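Q: For reference, the structure I am asking about is given below.
Throughout, read-outs are computed from the coordinates displayed, never taken from laboratory work. Fair warning: this is a prediction, and the values are worked out from it, not measured in the lab. Because the Cβ atoms are built from the backbone with ideal geometry, glycine has one as well, and the counts that use them run over all protein chains shown.
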Amino acid sequence: MCASNAAVAVAEQTKPVQKPDRKPKRQPRYNVILWNDDDHTYAYVVTMMQELFGYPPEKGYQIAKEVDTEGRAIVLTTTKEHAELKRDQIHAYGKDALIERCKGSMKATIEPVPGEGE
């Protein structure tokens, strides 16, 4: 093989491979839902929202009030894996020390965002 043929062969091998113009498929989003009960205080919810989600006290209070008045509140919308992690962190958070009858953590579930389910 002569030098010019070798250069052409090397150039052909190093050409970038063209990829089709496809955007990655966006993962469906899920809501983390916190459910109301009578065994946890607003202070508990506010502190939990600060520690688990990094929310300021004002947002924690808004969530506590929504849970109390509506029976549930969406605390985060994210990917399924992250939603499952946050739900599990809520379940592992522990009882409310301010209420003697409190036996454990609050209930949380995840739900697909309408129109984005699996």
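Q: Identify the GluC sites (Glu not before Pro) of region 25-100 meeting these criteria: DSSP loop state and at most 11 other C-beta atoms within 10 Å of the C-beta.
A: On the way: sites: GLU51, GLU58, GLU66, GLU70, GLU81, GLU84, GLU100; in loops: GLU100.
Counting only loop positions with at most 11 other Cβ atoms within 10 Å, the GluC sites (Glu not before Pro) in region 25-100 are GLU100.
Q: Kindly write out, for region 108-116 in residue order, the coupling ³J(HN,Hα) from the Karplus curve 6.51 cos²θ - 1.76 cosθ + 1.60 (θ = phi - 60°), rounded to whole Hz, with x marking Gly and Pro.
A: Here the 3J(HN,Hα) series is 9, 9, 10, 9, x, 5, x, x, 10 Hz.
Q: At a Förster radius of 22 Å, what calculated FRET efficiency corresponds to the Cβ-Cβ distance of GLN62 and ARG26, to the nearest 0.05? Provide the component values of the computation, followed by the final result.
A: Values: r = 28 Å, r/R0 = 1.26.
It comes to 0.20.
Q: Under 15 Å Cα-Cα from LYS25, which aspartates and glutamates qualify once same-chain neighbours fewer than 8 residues away are excluded?
A: Partners found: GLU116, GLU118.
Q: Which of the trypsin sites (Lys or Arg not before Pro) found in region 61-110 are loop residues per DSSP with 12 or fewer other Cβ atoms within 10 Å of their Cβ? Numbers along the way, then the final one.
A: Working: sites: LYS65, ARG72, LYS80, LYS86, ARG87, LYS95, ARG101, LYS103, LYS107; in loops: LYS95, ARG101, LYS103, LYS107.
Counting only loop positions with at most 12 other Cβ atoms within 10 Å, the trypsin sites (Lys or Arg not before Pro) in region 61-110 are ARG101, LYS103.
Q: Within straight cross-link reach of LYS103, meaning Cα distance under 14 Å, which aspartates and glutamates are found once same-chain residues fewer than 8 apart are removed?
A: ASP37, ASP38, ASP39
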